[in-house]
1. Which GluC sites (Glu not before Pro) in region 281-314 pass both tests, a DSSP loop state and at most 16 other beta-carbon atoms within 10 Å?
2. Magnitude of the Cβ-charge dipole of region 130-330, K/R +1 and D/E -1, about the Cα centre, nearest 20 debye?
3. For the chain, restrict the atom set to alpha-carbon positions and state the Rg and Dmax in Å.
4. Of 90, 57, 197, which is farthest along the charge dipole of the chain in the positive direction, counting Lys and Arg as +1 and Asp and Glu as -1 at C-beta?
5. Between residue 331 and residue 181, what length in nm is gained on full extension when 0.36 nm per residue of separation is reduced by their alpha carbon distance?
6. Could you tell me what a quarter of the Cα convex hull surface of region 1-136 works out to, in nm² with one decimal place?
7. For the chain, build the charge dipole from Cβ charges (+1 Lys, Arg; -1 Asp, Glu) around the Cα centre, then report which of 113, 285, 141 sits farthest towards its positive end.
8. Positive end of the charge dipole of region 11-118 (Lys, Arg +1 and Asp, Glu -1 on Cβ, about the Cα centre): tell me which of 100, 74, 25 has its Cα farthest that way.
Amino acid sequence: MLVTQQKVLRRFWYATLPLSMLDDGPKPFTLLGESIVLWKGGDGKPHALRDRCCHRTAKLSKGFVDEDGNIACGYHGWTYDCSGACVKIPQNPAGVIPKNAIVQAYRCEARYGYAWVALEDPLQPIPEFVEEFTPGYRRILQFHETWNTTPLRMMENSFDNSHFSFVHKANFGLFSNPTPSKYEFRPEEWGFEAETHVPVRNPPASHRITGTTEEITERHLINRWYMPFARRFGCSYPASGIDHIIYNCATPIDDRTMVLAQWLYRNDSEASCSTQELIDWDRPITDEDRDILEATDYDACIDVQRQQECHMESDKPGLLMRRMLLKLLADHGEREVFREPDEVRG
Ligand code: FES
Ligand code: CO
């Protein structure tokens, strides 16, 4: 599925940039092939416009935020409010502004430390991540980076218990036990929930992460897929009662690349496991996933009838995603646009 070709994907919210990245002025972002500019207004809220001045097309992300919290073009200073209306043309002392001096605005909301953007009328609200509102949890922003793969690959990998023993054998994966744990599925309107118990290695480096010192410990996973490209990795360690709950948004930049946004909720204290330790633990794991996903074909055909790939039992979550995405397209009068296998590598 080539994401930029499927119009319905424009009708979802995506995490774009951490709000802290907007503290020193406007920033560019590409969402589903669309160039946008984000900035923090006078009220501290993020806003998003098309990244193209209507005067001579300069990128507004090259501009600056003025004293009223509006965004000014860096070329000749035309200034826009959060609705995209031009409110000032410095060269025009009479203050007359042409009617067509307007830039496309997009819905933009602050949530979970990120600026979320929907390009068109959203089908679902921004997902509710309950730990954000539950006392006793702290939120840690872990990673924000560009990956040369596509969101569906990342989402499928998140629910694929078969890769732990291979991709993550250097830390928590049990190479000697490659039989994957099975999930129990609960379909939801917004995606699905999948629950399982997974034995994992617990090397000394992870003792403070898991809260136990046993050589092998158990993860109780209650994972969720939020259509189209967000997921909860709801990991609890029953032996210690520690929750290590990761949320990821795989935000589509274009048909080949995505932004990996990852943050974590923990129900312990900074003293028992520091922010830096938690980032350092998840860093190589995330890199291992990235490395293997960047070595796959970037496009995955969601219509499995086309038989572009072989499957096994543990691919069930991914196949369910593909079926639900295919239905989403059909419900909105779209067909899957994909690349033929021999064109996929480029
Ligand atoms: Fe933006 Fe001229 S191009 S003000
Ligand atoms: Co992985």
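1. Details: sites: 288, 294, 309, 313; in loops: 294, 309.
Those that pass, being in a loop and sparsely packed, are 294, 309.
2. Working: 21 positive and 32 negative charges, 57 e Å.
Result for region 130-330 is approximately 280 debye, rounded to the nearest 20.
3. 22.0, 77
4. With unit charges placed on the Cβ atoms, the residue in question is 90.
5. On the way: separation 150, 0.36 × 150 = 54.00 nm, distance 3.29 nm.
Answer, rounded to one decimal: 50.7 nm.
6. Details: hull surface 39.3 nm².
So the Cα hull casts an average projection of 9.8 nm².
7. 113
8. Toward the positive end, the furthest listed residue is 100.
Since every read-out is calculated from the coordinates, none of them should be taken as a lab result. Everything numeric here is computed off the predicted structure, so don't read it as measured data. Ideal geometry is used to build each Cβ from the backbone, glycine not excepted, and the neighbour counts take in all protein chains shown.
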